[in-house]
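Values quoted throughout were computed directly from the atomic coordinates according to the rules given, and no laboratory measurement underlies them. What you see is a predicted model, and the numbers here were worked out from it, not measured in a lab. Note that we place each Cβ from the backbone using ideal geometry, even for glycine, and neighbour counts take in every protein chain shown.
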Amino acid sequence: MKTVGEHAAPASVRIDGLGKSYAGTPALTDIHLQVDPGELFGLIGPDGAGKSTLLRMLVTVLLPDTGTASIDGLDVVKDYRAVRRILGYMPGRFSLYPDLTVRENLEFFASVFGTTVAEQYDFVAPIYSQIEPFESRRAADLSGGMKQKLALSCALIHQPRVLILDEPTTGVDAVSRTEFWDMLDRLKADGITTLVATPYMDEAARCDRIALIQDGRLLGQPDTPAAVAAALGHPLIRVSAAGSRPALLSVLRGVPSVLRAEVFGSWIHVTGKDHASDAASDRLREEVAASLTTAGWSEALVESVAPTVEDVFMARMGGPGSGQAA
Amino acid sequence: MTRDTQHITSDTVPVDESAGPDAVVSARELTRTFGDFTAVDRISFDVGKGEVFGFLGANGAGKTTAIRMLTGLLSPSSGSAIVAGHDVATSPNLIKQQIGYMSQRFALYDDLTVKENVRFYGGVYGLRGSELKDRRHAMLRKLGFEHLEGERVGGLPLGWKQKLAFSVALLHQPSVVFLDEPTGGVDPVTRRQFWELIYEAAGQGTTVFVTTHYMDEAEYCDRVSIMVDGIIKALDTPGRLKTDFGVDSMNDVFLQLARGGKRS
């Protein structure tokens, strides 16, 4: 397989003060962000956070109201033609032609970029070979995981140096999601710079660095997933007990030193109001255990736990456990 | 509410009658073929009153086909299912009146206001006049959405829309509500608020039949079934599934089962 490095060094993405409003309503406000060459960068946030607006400006299909952005030093407004040649883009909605076959879709995208499938075959083979047995099937008849692989093959057909992926795993099952991230790892090994948007908080762990985004603004500074998770700033413990979850949540939310209590799989994560420290974590654990005993939950498990990116996201956006419910 | 159920890990046809005479959804060898392709292959299970039942599976495993049969939109090729007291094969229209339904793709009309949507759906489900008005007010008060009555639904944040759509699906007080990926793309806080609404409905006796790709949400269900290639490969409480598969999370249970699938 040919690597990007044979052609040119991987590119970087720079975003300086980018903003966009729709009919006077701000969709994105003053975004600053840099993706380093060869990095796999995650933009993590729910639907409506502004992820697509940001990515659409980067891929030169939407003009910014404020600020600038560049791909490998090329301005996304002034140099849009040159930018398009080095970018691969997978939009959020299924972007292929449903009436064309798998092979026809790939050939179409190759021809748009002045190349051919034969010429690029080695480059896309690691991904395309997985759907090649279904080459003559109409794209509309593919399963979710296969559509995703075809869309990625089409985005890669001109050997882009930067890959922009908008929610590539939304609506896709857990197995196909894992496989998709494995493919992104392989592309990273080839030196491709990737910026991927996702609403799945657990996918943050697969990225080199991440930025959290909500209501058109970044929540805090971009950093590694581990550093973002560690920056919760409050003590965090987890609780597990048999019985009614709503009743347990309401007991936990009633403890004076508790900032929020949220279900996390089979556990409930409880964030304290104090600043994070070992002592604060011990105090929170003792107080919560005592309150649970008083309320008749003496069998409950209460233990310290390392924060996840999702804990941090919820803490920064506010929510039901903090009394800021919509 | 949790019940003792048999746990299925082999390819045998599971018959789970644990919900007993209380069952609100009851499938027996339910099957649907399209030409020579068997989308749903003899699935059998019961879902009890007030139970939160997670219906999981990989893309293409047959979930959507099964749900379309259970909601009266598609007739079975063989086998049977009783939903809210009616047979899906013979009385599909009675079922449509007695269930609630929402999905990420089909929820409310973006071009109508909140009030218009509630009146439209209430009307479809046979609610009229002061009864409809009272329920609308009660529902919006509970959600804290009274000030949004005149707003177009299209302008609301996704999470609000989904909470509203769920409440609208419950407006006619159905005995069972089908939720097809109701929280896809919703922020983590609103996603949890949505599940608190689910618990509340279940606590009042509504059966909740829900699909999701978020494996942490599988943990919130009373029982979970996992479909692979048209059959139910496992069905039990999240706790027992994790014990039986020797793993810590439903994500790992799912990956173990679904990795064997041929259709994704």
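Note the angle between two axes, namely the Cα long axis of helix A:144-156 and the longest principal axis of the Cα atoms of chain A, as a number of degrees from 0 to 90, rounded to the nearest 10.
50 degrees
Through the Karplus equation 6.51 cos²θ - 1.76 cosθ + 1.60, θ set to phi - 60°, convert the phi angles of the stretch A:93-98 into ³J(HN,Hα) values in whole Hz; use x for Gly and Pro.
Once θ is set to phi - 60°, the couplings for the stretch A:93-98 become 6, 3, 9, 8, 8, x Hz.
Tell me the Kirkwood hydrodynamic radius of chain A in angstroms, computed as one over the mean inverse distance between distinct C-alpha pairs.
Its Kirkwood hydrodynamic radius stands at 21.6 Å.
So if I place +1 on the C-beta of Lys and Arg and -1 on the C-beta of Asp and Glu, and nothing else carries charge, what would the dipole magnitude of the stretch A:149-287 be about its Cα centre? I want it in debye, nearest 20. Numbers along the way, then the final one.
On the way: 15 positive and 18 negative charges, 33 e Å.
With only Lys, Arg, Asp and Glu charged at Cβ, the dipole is about 160 debye.
I want to verify the translational diffusion coefficient of the stretch B:205-264 in µm²/s; compute it with Stokes-Einstein, Rh as the Kirkwood radius over Cα pairs, at 37 °C and 0.692 mPa s.
D = 275 µm²/s.
For peptide A:171-181, what's the mean number of Cβ atoms from other chains within 10 Å of each residue's Cβ?
If you average over the peptide's residues, the count of other-chain Cβ atoms is 6.
Measure up B:Lys142/B:Lys242; A:Lys51/A:Lys147; A:Lys78/B:Lys161; A:Lys51/B:Lys233 against 29 Å on the Cα-Cα distance and list the ones that go over.
B:Lys142/B:Lys242; A:Lys78/B:Lys161; A:Lys51/B:Lys233
Per-residue HN-Hα couplings for the stretch A:160-177, Karplus 6.51 cos²θ - 1.76 cosθ + 1.60 at θ = phi - 60°, whole Hz, x for Gly and Pro?
So the J values, rounded to whole Hz, are x, 8, 10, 10, 10, 10, 9, 6, x, 10, 5, x, 9, 6, 4, 5, 5, 4.
Positive end of the dipole of the protein assembly as shown, charges at C-beta (+1 Lys, Arg; -1 Asp, Glu), about the Cα centre: which of B:Pro157, A:Leu152, A:Val251 has its Cα farthest in that direction?
The listed residue farthest towards the positive side: B:Pro157.
Suppose a student asked you for the relative contact order of chain A, using Cα pairs under 8 Å spaced at least 6 residues apart; what percent would you report?
Over chain A, the number comes to 19 percent.
Using unit Cβ charges (K, R positive; D, E negative) and no other charged atoms, how large, in debye to the nearest 20, is the dipole of the stretch B:143-197 about its Cα centre?
Result for the stretch B:143-197 is approximately 80 debye, rounded to the nearest 20.
Can you give the FRET efficiency for A:Val77 and A:Asp274, using 1/(1 + (r/R0)^6), R0 = 41 Å, r = Cβ-Cβ distance, to the nearest 0.05?
After rounding to 0.05, the efficiency reads 0.30.
P(r) for the stretch B:35-175: what percent of alpha-carbon pairs falls in each 10 Å bin, starting at zero?
Spelled out per bin, shortest first, that is 10, 35, 31, 19, 4, 0.
How big is the dipole moment of the protein assembly as shown about its Cα centre under a simple scheme where the beta carbon of each Lys and Arg is +1, that of each Asp and Glu is -1, and everything else is neutral? Debye, nearest 20, please.
1280 debye
Could you give the Stokes-Einstein D for the stretch A:2-93 in µm² per second, using the C-alpha Kirkwood radius, 25 °C, 0.890 mPa s?
Approximately 176 µm²/s, per Stokes-Einstein.
Any idea which of B:Ile232, B:Thr113, B:Thr33 is furthest toward the positive side of the dipole for chain B, if Lys and Arg beta-carbons carry +1 and Asp and Glu beta-carbons -1?
Of B:Ile232, B:Thr113, B:Thr33, it is B:Thr113.
Taking only the alpha-carbon positions of the protein assembly as shown and ignoring solvent, what does the Debye formula give for the base-10 log of I(q)/I(0) at q = 0.09 Å⁻¹?
-0.77
P(r) tail for the stretch B:179-231, what percent of Cα pairs lie past 16 Å?
It works out to 42 percent of all Cα pairs.
Averaged over peptide A:262-268, how many Cβ atoms belonging to another chain are found within 10 Å of each residue's Cβ?
Across A:262-268, the average partner-chain Cβ count within 10 Å equals 6.
Alpha carbon centre of the stretch B:91-141 versus the stretch A:187-253: separation in Å?
The two parts, judged by their Cα centres, are 35 Å apart.
What residue among A:Pro98, B:Gly72, A:Leu284 has its Cα farthest toward the positive end of the dipole of the protein assembly as shown, where the charges are +1 on Lys, Arg and -1 on Asp, Glu, each on the Cβ?
B:Gly72
Ordered by residue, what ³J(HN,Hα) values in Hz, to whole numbers, does the stretch B:120-125 give under the Karplus form 6.51 cos²θ - 1.76 cosθ + 1.60, where θ = phi - 60° and Gly and Pro are x?
4, 5, x, x, 4, 8
Using only C-alpha atoms and all pairs of different ones, pull out the Kirkwood radius for the stretch A:64-109 in Å with one decimal.
It works out to 12.9 Å.
Using only the Cα atoms of the stretch B:123-193, build the gyration tensor, take square roots of its eigenvalues as a ≥ b ≥ c, and label the shape rounded, prolate or oblate: rounded if a/c is under 1.5, else prolate if a/b is larger than b/c, else oblate.
In terms of gyration-tensor shape, oblate.
If you wrap a convex hull around the Cα atoms of the stretch A:1-157, how much volume per residue is inside, in Å³?
Convex hull volume per residue, Cα atoms: 131 Å³.
Over all alpha-carbon pairs of the stretch A:120-183, lay out the pair-distance distribution in 10 Å bins, whole %, shortest bin first.
With 10 Å bins starting at 0, P(r) equals 20, 56, 24, 0.
Please identify the longest segment of chain B free of exposed trypsin sites (Lys or Arg not before Pro), where exposed means a DSSP state other than H, G, I, E or B and no more than 12 other Cβ atoms within 10 Å.
Excluding the exposed sites themselves, the longest stretch runs over B:129-261.
For the stretch B:62-135, taking Cα atoms only, what is the radius of gyration to one decimal and the Dmax to the nearest whole Å?
Final numbers for Rg and Dmax: 14.7, 43 Å.
How much of the calculated P(r) for the stretch A:199-323 lies past 21 Å, in percent of all Cα pairs?
The calculated P(r) of the stretch A:199-323 puts 39 percent of pairs beyond 21 Å.
Let me see the P(r) profile for chain B: every Cα-Cα distance counted, bins of 10 Å, each bin given as a percent of all pairs.
Once binned at 10 Å, the Cα pair distances of chain B give 7, 30, 35, 20, 7, 0.
From the Cα trace of the stretch A:82-220, what convex hull volume per residue do you get, rounded to a whole Å³?
Roughly 120 Å³ of hull volume per residue.
Can you give me the Rg/Rh ratio for the stretch A:29-80, using Cα atoms for both radii and the Kirkwood formula for Rh?
Using only Cα positions, Rg/Rh for the stretch A:29-80 is 0.94.
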